[in-house]
1. Where in region A:173-273 are there GluC sites (Glu not before Pro) that are in a DSSP coil and have at most 16 other Cβ atoms within 10 angstrom of their Cβ?
2. Would you grab the residues whose amide H sits under 5 Å from the one on B:F132? Only those 5+ places off in sequence or on another chain, please, with H modelled 1.01 Å from N.
3. Quick one: P(r) of the protein assembly as shown from all Cα-Cα pairs, 20 Å bins, percents rounded to integers, in order of increasing distance.
4. Do any of A:K221/A:K300; B:K90/B:K176; B:K34/B:K221; A:K168/A:K300; B:K259/B:K300 go past 20 Å between their Cα atoms, and which?
5. Taking each residue of B:84-90 in turn, how many C-beta atoms of other protein chains fall within 10 Å of its C-beta, and what is the average?
6. Considering every Cα-Cα pair within region B:37-138, what fraction, in whole percent, is farther apart than 16 Å?
7. Quick check on the protein assembly as shown: helices-only [θ] at 222 nm, where DSSP H runs of length 4 and up contribute -39,500 (n - 2.57) each and the sum goes over total residues. Nearest 500, please.
8. Provide the three semi-axes, in whole Å and in decreasing order, of the ellipsoid equivalent to region A:144-219 as defined by the square roots of 5 times the Cα gyration tensor eigenvalues.
Protein chains: 2
Amino acid sequence: MTETRYDVIGIGNAIVDIIGRCDDPYLTGHGLAKGSMRLVNAAEVEKIYSTMGPATEISGGSAANTIAGIASFGGRAAFIGTVANDDFGKVFSHDIRSIGVAFNAPAVADGAPTSRCLILVTPDGERTMNTFLGVSTSLGETQLDLEMIRAASILYLEGYLFDEPQAKAAFRTALKAAKDAGRKTALTLSDGFCVDRHREEFLELIRSGIDILFANEAEIKSLYQTDSFETAAENARKDAKLAVLTRSGKGSEIHCGDKTISIPAYPVEKVVDTTGAGDLYAAGFLFGYARGLDLEIAGKLASLAASEIISHIGARPSVSLAEFAKQHGLIT
Amino acid sequence: MTETRYDVIGIGNAIVDIIGRCDDPYLTGHGLAKGSMRLVNAAEVEKIYSTMGPATEISGGSAANTIAGIASFGGRAAFIGTVANDDFGKVFSHDIRSIGVAFNAPAVADGAPTSRCLILVTPDGERTMNTFLGVSTSLGETQLDLEMIRAASILYLEGYLFDEPQAKAAFRTALKAAKDAGRKTALTLSDGFCVDRHREEFLELIRSGIDILFANEAEIKSLYQTDSFETAAENARKDAKLAVLTRSGKGSEIHCGDKTISIPAYPVEKVVDTTGAGDLYAAGFLFGYARGLDLEIAGKLASLAASEIISHIGARPSVSLAEFAKQHGLIT
């Protein structure tokens, strides 16, 4: 096994978040399920955008947020995703590169714009996402930099991308490259509805040898079609080498063979915006894992990073997570 | 004098702010004068953007921020400015319309992009602005909606736009339309360097009958080429019917004929980002003035709005200023 150049390389949708506040009746009035992510077409995104209030634009994308978090912890990180040659594409590229992440993908001029996500944040801090997938879903095998993938300790895949056939093929090619190079692989299920759409293929992918599976309660229950978190966790424990399951305010659990490690949620003064909580949880865990830290410490880094992200608007860290973790005595 | 449809109509640069944090050595290393606004060309904006950290995009523009603030107070507001048909143009148009501001200007396809401002915020909350003027400076007489201007109690002009000859001509046409309709006129000097570039023309404009002049300490000293704030204020009092002068943490002064009203600055827990402090000060004052409130109350509304804007990132209100002013007992 050769030296690694990166701790983690992520593959996911390159997205700019458009974040605005709304009240609960707004969601009901527009038929939006609070806390969910749904894919919208150009007409739907226009309809919501034209009725929502003033917004803030911040780089997002699930795996991209995770990779940004790893860089903020001081990790060596890389990202593969696709943007268009427009303002939002420049914003995404700038933001991820500006924190030291290797991002070499050239902007694609296939006519589709850079992907964007309208995020509506209710007064309780919960986010409801309407994703307009533009050029980011055109990611395919030809855009994979296999040499970069082989050079990373962990390959991290975003379940959301699984909606596109050519992205599925790219995932399989990337996984093979990582495994052949003796690297670890990780997958996040991303969203309960996303799991509904691809249950069998996700299971096949996980059983084919995913080392680290990330899922929240809704996603893991959906994967195993059960109402019981315990039953779902029991199944996940058998299918993945490491199953890392998050339960919002109830904390998280790391299942590793017969062992279960419970990690409490870090207290937060005020939940401002839960966008990116799962993404940043994965960032902390993957950083700790890649650096060979104890699973419990990795879980605490995960929980700490999630607590930082929900205390402000946007899904990218507003402070250095390395400093933040040092202040909490988790790393030196 | 006919009924008014708007309390205030503003004319200014339509800009999207790209806000990131930096430390003081970064400013020094890039030869940037802290707290200033400078105009940069495409190469310069690229150079700064490529070296600055991750950023947040929020609609900005000096007069546009003021107009957004007036709408947030519950005022009837309109804006005239120019955007391109690109992502940032859509962001600007959406944000200002979403708060109820009348903004009818069609996107201009002359090749120049929507204007943007790279804002570097240092740990003390001070902002240093690098404005890349794109299509917003193409504003000329042909884009003025004179009917809208005649329908507003107050016409508010942004000094920054004065850098372009066709915008100067547009200002004069707009002022004539407002005066002929019996409306009030207001001007902000915008920036000390901007005053340096156009001192004589600004003086001529003010003396030709500007009702309300807004300036901060640096701008009014620059206008009258004096190091003494008192001397500058004395001159301003003679030239404008109302001279409203801000002095950051020292509060502000309203000079009206022989009368001087001092307004203290509202205390702020932590100054996060001073971007928009002057713009929102003008918003509070103009709203109060348009509604016929006491000058002292107008000044307090101004000071309160400035205190809200410097307590968070971005130059658009994060709360309803109407509610905020009610909580402080300034309006009912």
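1. Details: sites: A:E200, A:E201, A:E204, A:E217, A:E219, A:E230, A:E234, A:E253, A:E269; in loops: A:E269.
When the GluC sites (Glu not before Pro) of region A:173-273 are filtered for loop state and at most 16 Cβ neighbours within 10 Å, A:E269 remain.
2. B:V40, B:R116, B:C117, B:L118
3. 19, 48, 26, 7, 0
4. Details: A:K221/A:K300 24 Å; B:K90/B:K176 31 Å; B:K34/B:K221 18 Å; A:K168/A:K300 32 Å; B:K259/B:K300 17 Å.
In this structure, A:K221/A:K300; B:K90/B:K176; A:K168/A:K300 lie more than 20 Å apart at Cα.
5. Working: counts 1, 0, 3, 13, 6, 1, 5.
So the per-residue partner count for this stretch is 4.
6. Numbers: 3084 of 5151 pairs.
Of all Cα-Cα pairs in region B:37-138, 60 percent lie more than 16 Å apart.
7. Values: 24 runs with 260 residues, N = 664.
After summing the helix terms and dividing by residue count, I get -12000 deg cm²/dmol.
8. On the way: eigenvalues 89, 34, 20 Å².
They are 21, 13, 10 Å, listed largest first.
Bear in mind that the values in this text are calculations on the coordinates, not laboratory data. None of these values were measured; they are calculated from a predicted model. Don't worry about glycine lacking a Cβ; one is built from the backbone with ideal geometry, like all the others, and counts go over all protein chains shown.
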